[in-house]
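Here's the structure, in structure tokens; my notes come after.
Read the figures in this text as sums done on the coordinates, not as results from a lab. All values reported here derive from a predicted model rather than from experimental measurement. Cβ: placed from backbone, ideal geometry, glycine included. Neighbour counts: every protein chain shown.
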Amino acid sequence: MIFCMPSICLYFQVHQPMRIKKYRVFDIGKDHNYFNDSSFTALNNKNILEKVAKKAYLPANELLLDLLKKHKNFNFSFSFSGVFLEQLKKFNPALLKSFKALVKTGRVELLSETYYHSLSFFYSLPEFESQVELHDKEIFDLFNKRPQVFRNTELAYNNDLAYWADRKGYKAILAEGWDTILGWRSPNFIYEPNIGQAKKGKKRIKLLLKNYKLSDDIAFRFSEKRWKEWPLTAEKFTSWINRINGNGEIVNLFMDYETFGEHQWKEHGIFDFLKALPEKILEHKDNNFVTPSQAVEKYPVRDTVDVPYIVTWADSERDLSAWTGNNIQRSALKNVYELEQKVKKTNNKKLLDDWRKLQTSDHFYYMCTKWFSDGDVHKYFNPYESPYDAFISYMNVLNDFKLRLKEKSKGNCAGRIKIVE
Amino acid sequence: MVGWELPPLNSGGLGEACYGLAKALSKKGVTINFILPYNLNIKSDFMNIMYANEKVSGKKILGPYLTYSQWLKAVKSGSVGFHDYISQVLEYAENIKDLAKKERADIIHMHDWLTFPAGMMAQDVMSKPLVAHVHATEYDRSGGGFLNGNVFRIEKDGLERSDRIIPVGGRVGKTLVSKYGIDHKKINVVYNGVEDPQKPCITPALLNLKKLGYKIVLFLGRITLQKGPDYFVKAAKIVSDYYPKAVFVVTGSGDMQTQMICEATNLGVVDKFIFTGFLRGVEKDSIYQAADVYVMPSISEPFGITALEAVKNRTPVIVSKQSGVSEVLQNSLKVDFWDVEEMANKIIAVLKYKSLPKDLRRESVREIVNLTWDRSADEVLKVYKQLI
């Protein structure tokens, strides 16, 4: 038996939506700014970014930069949404600079996704492709990098998406290492999506699967005092990683970047944990860190994983039900996506941008009524008073948008636009 | 149990709540002697109904919801004698003495201030633990306006004397602590339950309106200051500007009905209003079922059982944040009673966006499955067990 310690592959999702302000029916036709809340509520995008920057992004960036300097074998990857970067440019250039400094080390890989953090792949392929192009262009403009690995919004994945990413030339794609797609197999290997044989001389795209148990130990359970492993230390976590030896080649730890300082607090020791982790892991000479594209270079494909249905990283269902599970969500999604042709016909940049910002998945997540009455994680992340309030503002905004669209479509043969749905 | 009224001779939620709770408790093996102030000739097959005064009262029994201003008005107009209001309550206490000497009880459970003097008297005689159920306080009834000092004093006495206090919602519980200085340790909140509707059937008149494409916005409750009828009219004005095919149905009666009609006339929307008067039973259920949305704009509402009745009849609800029911009904739309624009915004949204009432209906029905009198009775039993 070969004694082999697994590589650690870290990916942090960095995203803040452009939340829609409280928008009433009386505002329709009068107010065309949807994202400029200036109240003291959690709908104020500028305030939220400032708050999270202070609590999480800035201290985490500083810490990671130190760790990169200290440990030559340490590396990781980020995926930024375009709407996040847009807000950085507008509200917090200092934070953008600090992200740039990290990327400049050459040891931070940047992944590809949709600019608008949308689920457009499942609604319109041309729209999805435009959003990915926009995203990768923005990454190139800001960081001078061309992403080679794709990850979709909410880690939503199926065979079709893998097929698309393969055709586009991505080296790897990320997904949730969910038991139902893996069966008895472990997420700690490199897999191949079930999309048929590669053409001669061409390499097939590879699949990296999130080790959700170990990822969620950090992202969700870290501060949970009722958890039997609390308090989680870097030593303990490393011992779990080391235990994998021989039974895996790679441990994919995927999580929201807000884990560090926002979801898990500094006061509960999350930064101390992060600070100690690389050192503890690298104590073993055989251990190492890899970025997603290094991972697929380093390890062979061990098997094929078939995902005919959509798997995401959310909730115990790991499906899209957090975004599309109820009537209000489905009706909002239908209403926004059915405008595609009309919006594109206007050739109006502002309309196109607003329409796309209305596709950000968070808007629909806020309308989720699953376990709403039990007051769980959904409520925690909801800046609106209720899922219904989120829906009402969204639909009112959409009706204002339709009025603008109607105005711009005059003489454009865009056809009639129904205002009420 | 020391009560004031029971259905069908009730004027609102107090009698209904006492009835529902007593029935559920008796199913759990509690023997209930339910005391009423006068002979109201009510029959029950699950509890012993007793009258502090066996004679059928010649006088009009006052409803439990009079506010100080209403009382003053009644006194001035001569329809009620100056002391009738308090004197009926005190008379009840006087009359209960004999019963208390004759009957046995392990717990004395009284309901709101009208029964407090009688309850305290019963305790004087029987020396048993005293439980005060608070369905509303003087603060709720007066909507933050004039408090009746005598009523307040009776409430405070009764609450201080009680071994345990059961408010029907968390908000009213806080009022007991902040306004009456009650120790929070003897307060246990128990939410009310709600029964399933008897029969689903819609009244033809409203059905015809609906067939013409009109949407029905319902106000149901006593038309008094506490229930916020004036805010409903103001919201109705805004709604009809944006949604002309909305009709506003007002079910209930009360001292502000005239004012409500005047206000609607002034705002030019009186033609959009239908006043049905007080309804009960199947008729009440059918009006709930006809409604596209039920609005409860109460200024102060310890619980607000009507919101749950609406849900039971599969009607989406908008409730004021100043209500106890908003604590247990997450799948509703919530507004501050004074924010009539937001109230209108939400009414319009429910009428306009079809998926919204669909989800509100589905989720709220699912949510209140456990809000039964059976569960309330379990909670009350827990309180009893601490005392016996």
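Span-like helix criteria (full DSSP H runs; alpha carbon extent of at least 20 Å along the helix axis; mean Kyte-Doolittle hydropathy of at least -1.0) are satisfied in chain A by A:125-143, A:387-409.
Once the Cα-Cα distance is subtracted from the 0.36 nm per residue extended length, the A:Leu58 to A:Lys46 segment shows a gain of 2.8 nm. Counting only other chain Cβ atoms within 10 Å of each residue's Cβ, the peptide B:358-366 averages 4. Shown for chain B are the DSSP H helices of 27 Å or more along their axis, judged by Cα atoms, with a mean Kyte-Doolittle hydropathy of at least -1.0: B:84-102. Positive-end ranking of B:Thr224, B:Ile299, B:Ile347 along the dipole of the range B:207-368, with charges on Cβ about the Cα centre, is headed by B:Ile347.
Among the trypsin sites (Lys or Arg not before Pro) in the range B:153-257, those located in a DSSP loop and surrounded by at most 12 other Cβ atoms within 10 Å of their own Cβ are B:Lys245. Structure remark: mean-square fluctuation, Gaussian network model of chain B, C-alpha springs under 10 Å; the largest value among B:Leu218, B:Leu267, B:Leu360 belongs to B:Leu267.
Note on the protein assembly as shown: with charges restricted to the Cβ of Lys and Arg (+1) and Asp and Glu (-1), its dipole about the Cα centre is near 1920 debye. Extension gain, B:Glu94-B:Asp106: 0.36 nm per intervening residue step, less the Cα-Cα distance, totals 2.2 nm. Taking every C-alpha pair closer than 8 Å and separated by at least 6 residues, the mean separation divided by the residue count of the range A:170-324 gives a relative contact order of 33 percent. With both labels modelled 7 Å from their Cα along Cα-to-Cβ, the A:Asn33 to A:Glu129 distance reads 3.7 nm.
Can you compute the label reach from A:Asp256? Point 7 Å from Cα along the Cβ direction, backbone N cut-off under 17 Å, restricted to the range A:18-40. Residues A:18-20 fall inside that zone. Of B:His184, B:His111, the sequence from fewest to most neighbouring Cβ atoms within 10 angstrom is B:His184, B:His111.
The distance between label points at B:Lys43 and A:Lys236 comes to 6.8 nm (points 7 Å beyond Cα on the Cα→Cβ vector). Normalising the average separation of contacting C-alpha pairs (under 8 angstrom, six or more residues apart) by the number of residues puts the relative contact order of chain B at 15 percent.
Relative to one another, the C-alpha centroids of the range A:248-269 and the range B:144-183 are positioned 49 Å apart. Remark: relative contact order (chain A) = 24 percent; criterion is Cα-Cα distance under 8 angstrom and separation of 6 or more residues.
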